[in-house]
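A.B. asks: Can you keep this structure in mind? I'll have questions shortly.
The values are calculated or read from the model by the stated rules, or taken from the named source; none is laboratory data. Worth saying up front: this structure is predicted, and the values here are computed from it rather than measured. Cβ placement follows ideal geometry from the backbone for every residue including glycine, while neighbour counts extend to all protein chains displayed.
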Amino acid sequence: MQPIFLKPDLTRYTQPPFPPYRYLPYQKENPLPHPRTDPAGHSYNDEDDYLPHFSPNDWRTCESYLYGIDLFNHGYWWEAHEALETVWIAAGHKSTACGIFVQGLIQLAGAQLKRFIDEPRGAQSLTRSGIEKISFAEGVYLGIEVVALVEDVERCLKENCGVYPRIELRF
């Protein structure tokens, strides 16, 4: 099953190929190998990406951030979480506004994954937490029009009709 997206015509922001499959946890029928812990996983034995620093001025040129957005936009929500976690750590985790915002994006990725695998309580909880963390920002932050993203995320959760939000960056 493929997700259907709002804004279906968004182009990619990076060139690296996507993983060969989207990881969907807790699948009883045809489970895919865990990307990191299973020797058959698409990211098994990959070294963790490292960013020495990430600030709001870095988003346009940060490959990890842009790739994380691409992964989110194409339904690789588990993988988006992994890519954005590198950025979150470099941004200072919960000690900076930038870190809190990136953590919110990670939670929104997790919320979409929960929606896709039909775990509505987890999707609702992660959506609320993610929106709370990104909503402090006004206007465009890290290239994201925050109000538009929040509206898209809330609409997709409320309508629950198999449509998922995308993040359109404003360069």
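A.B. asks: Any residue at all in region 107-127 that's out of contact with any Gly (no Cβ under 9 Å at 6 or more places or on another chain), under 17 Å from Pro8 (Cα atoms) and assigned to a helix (DSSP H, G or I)?
C.D. replies: Checked against the condition, which is being out of contact with any Gly (no Cβ under 9 Å at 6 or more places or on another chain), under 17 Å from Pro8 (Cα atoms) and assigned to a helix (DSSP H, G or I), region 107-127 yields no hits at all.
A.B. asks: Answer with yes or no whether Leu105 is crowded, with 17+ Cβ neighbours inside 10 Å and out of contact with any Cys (no Cβ under 9 Å at 6 or more places or on another chain). Even if it seems obvious, please write down each step before you answer.
C.D. replies: Numbers: crowded, with 17+ Cβ neighbours inside 10 Å: yes; out of contact with any Cys (no Cβ under 9 Å at 6 or more places or on another chain): yes.
Answer is yes for this residue.
A.B. asks: If only one of Ile69, Ile89 is of a type in the set (A, V, I, L, M) and in contact with a strand residue (DSSP E or B) (Cβ under 8 Å, 6 or more places away or on another chain), which one is it? Don't jump to the end; show me each part of the working.
C.D. replies: Numbers: Ile89 fails: in contact with a strand residue (DSSP E or B) (Cβ under 8 Å, 6 or more places away or on another chain).
The match here is Ile69.
A.B. asks: I want to confirm something. Restricting to region 8-35 and keeping residues that are of a type in the set (Lys, Arg) and in contact with a helix residue (DSSP H, G or I) (Cβ under 8 Å, 6 or more places away or on another chain), which single residue is nearest to Arg60 (Cα to Cα)? Walk me through how you get there before you give the answer.
C.D. replies: Pass one, region 8-35, residues of a type in the set (Lys, Arg): 12, 22, 28.
When the remaining residues are screened for being in contact with a helix residue (DSSP H, G or I) (Cβ under 8 Å, 6 or more places away or on another chain), the result is 12, 22.
Values: Arg12: 13, Arg22: 25 Å.
This residue is Arg12.
A.B. asks: Name the pairs: first residue in region 1-26 and more than 17 Å from Cys156 (Cα to Cα), second residue assigned to a loop (DSSP other than H, G, I, E, B) and among the basic types (Lys, Arg), Cβ to Cβ under 6 Å, at least 6 apart or on different chains?
C.D. replies: Once the first residue is more than 17 Å from Cys156 (Cα to Cα) and sits in region 1-26, its partners that are assigned to a loop (DSSP other than H, G, I, E, B) and among the basic types (Lys, Arg) give Leu10/Arg166.
A.B. asks: While we're here: Scan Glu85, Glu151, Glu79 and give me the residue that is charged (D, E, K, R), within 18 Å of Glu63 (Cβ to Cβ), assigned to a helix (DSSP H, G or I) and without any contact (Cβ under 8 Å) to a residue 24 or more places away in the chain.
C.D. replies: Glu85
A.B. asks: Turning to a different aspect of this structure: When the residues of region 126-147 are narrowed to those that are without any contact (Cβ under 8 Å) to a residue 12 or more places away in the chain and at negative phi, which ends up nearest to the chain's Cα centre (by Cα)? Give the steps one after another, and end with the answer.
C.D. replies: Here is the first cut: in region 126-147, the residues without any contact (Cβ under 8 Å) to a residue 12 or more places away in the chain are 128, 138-139, 147.
Add one more test, that the residue is at negative phi, and what stays is 128, 138, 147.
On the way: Arg128: 15, Glu138: 20, Val147: 17 Å.
Going through the qualifying residues, I end up with Arg128.
A.B. asks: So Arg115 clears everything in (1) out of contact with any Cys (no Cβ under 9 Å at 6 or more places or on another chain); (2) within 16 Å of Pro165 (Cα to Cα); (3) in contact (Cβ under 8 Å) with a residue 24 or more places away in the chain; (4) not aromatic (Phe, Trp, Tyr) except one condition, right? Which one?
C.D. replies: Exception for Arg115: condition (1).
A.B. asks: Go through the residues of region 159-169 one by one and say whether even a single one is within 25 Å of Cys62 (Cα to Cα), charged (D, E, K, R) and at pLDDT 95 or above.
C.D. replies: Taking region 159-169 first, the residues within 25 Å of Cys62 (Cα to Cα) are 164-169.
Going one step further and asking which of them are charged (D, E, K, R), we end up with 166, 168.
Next, only the ones that are at pLDDT 95 or above stay: 166, 168.
Within region 159-169, one or more residues are within 25 Å of Cys62 (Cα to Cα), charged (D, E, K, R) and at pLDDT 95 or above.
A.B. asks: Sticking with this structure for a sec: So how many residues does region 147-171 have that are out of contact with any strand residue (DSSP E or B) (no Cβ under 7 Å at 6 or more places or on another chain) and farther than 15 Å from Ala109 by Cβ?
C.D. replies: Initially, region 147-171 is screened for residues out of contact with any strand residue (DSSP E or B) (no Cβ under 7 Å at 6 or more places or on another chain), giving 147-155, 157-161, 165, 168, 171.
Checking the rest, the ones that are also farther than 15 Å from Ala109 by Cβ come to 147-148, 151, 154-155, 158-161, 168, 171.
Here the count works out to 11.
A.B. asks: While we're on this one: Just the residues that are closer than 19 Å to Val146 by Cβ, small (Gly, Ala, Ser) and touching a Lys or Arg at 6+ places or on another chain (Cβ under 8 Å), please, taken from region 69-110.
C.D. replies: Gly104
A.B. asks: Confirm whether Phe54 is part of a helix (DSSP H, G or I), out of contact with any Ser or Thr (no Cβ under 6 Å at 6 or more places or on another chain) and surrounded by 15 or more Cβ atoms within 10 Å (Cβ to Cβ).
C.D. replies: no
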